[in-house]
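Undergrad: This is the structure, below, for whatever I ask next.
Laboratory data are not the source of any read-out in this text; all were calculated from the coordinates shown. Treat the numbers as computed from the prediction; the structure is a model and nothing was measured. Using ideal geometry, Cβ is built from the backbone for each residue, glycine included, and neighbour counts are taken over all protein chains shown.
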Amino acid sequence: MTTAVARLTIVESKLFLRDTTSVVMGVAFPAVLLLLLGFAIPGFRDATDDLDGLRPIDIYVPIVLAMAICTTSVSVLPTYLATYRERGVLRRLATTPVGPVRLLGAQLAVNGVATLVAVGLAVAVGTVAFGVDLPRQAAGFLIALVLGTAAMFAVGLLIAAVAPRAKTATGVGMLVYFPMLFFAGVWTPGPVMPDGLRRISDFTPLGAASQAMQDSWSGTSPSALHLVVMVGYLLVAGALAARLFRWE
């Protein structure tokens with residue numbers, strides 16, 4: 001059975017790599033966006049008093065990492081699972097020794113690795129191309145990254161659970177994707193976000209993850225509020241996804 005699961009994961013990996021859109025948007029785009037921001041926008045590599053002496057590029061690395069998490073979790077993963085349900089793949093697997101649960105595990109593994117690769121590429125671009133320091137609070141950063149990824153994957157599974165078709169999953173995913181990015185600071189970074197919006201951002205899973213990673217990057221431990229918010233979304237969205245998920 002272990003061999004069958006490993007083969008299933010390999011097959012899912014190959015299918016993911018053949019999907020140009022998933023590879024470009026889910027893996028490469030966060031690093032490419034960071035390059036475009038750093039080299040194309042004037043002053044993006046200059047320190048400013050508005051950011052307490054930091055450069056905009058320093059602030060945007062954690063935000064781009066949040067984008068990488070969001071892309072695979074609510075854009076790629078739900079569409080794949082809804083496609084398999086729509087085409088009857090999950091139903092047919094239920095009659096085999098492998099079972100649909102293992103396909104779900106393979107999909108989570110593939111998208112999890114894709115997220116880690118995207119994060120690694122973005123961090124490499126930030127440090128090599130722009131001299132961005134690595135997180136000063138490494139443990140806090142890893143905790144924020146893991147919890148943020150888990151919380152967003154739970155949201156993605158919830159979308160996959162309630163979307164009957166691939167097009168529905170894609171549409172719902174996009175409705176979630178852009179507000180999540182907004183509150184994560186893609187258009188208005190956390191340090192300059194108005195207080196009201198920032199307070200709302202604190203209670204969104206990606207906003208909490210983005211701010212927790214920014215805090216750890218600067219040497220401050222992630223706040224208890226952000227950690228609790230991420231754990232809350234993980235537990236609630238995960239439980240709802242498990243309850244509502246249908247194999248056909």
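Undergrad: Cα atoms only: what Rg and Dmax, in Å, come out for region 159-213?
TA: 13.1, 40
Undergrad: How are the C-alpha pair distances of region 116-248 spread across 5 Å bins, as whole percents from the shortest bin up?
TA: 2, 11, 16, 21, 20, 14, 9, 5, 2, 0
Undergrad: Angle between the Cα long axis of helix 99-130 and the longest principal axis of the chain, 0 to 90 degrees, nearest 10?
TA: Value to nearest ten degrees: 20.
Undergrad: Now for a different question. In whole Å, what are the Cα extents of the chain along the three principal axes, biggest one first?
TA: That works out to 62, 33, 31 Å along the principal axes.
Undergrad: Once you place label points 7 Å from the Cα toward the Cβ at residue 248 and residue 188, how far apart are they in nm?
TA: 4.9
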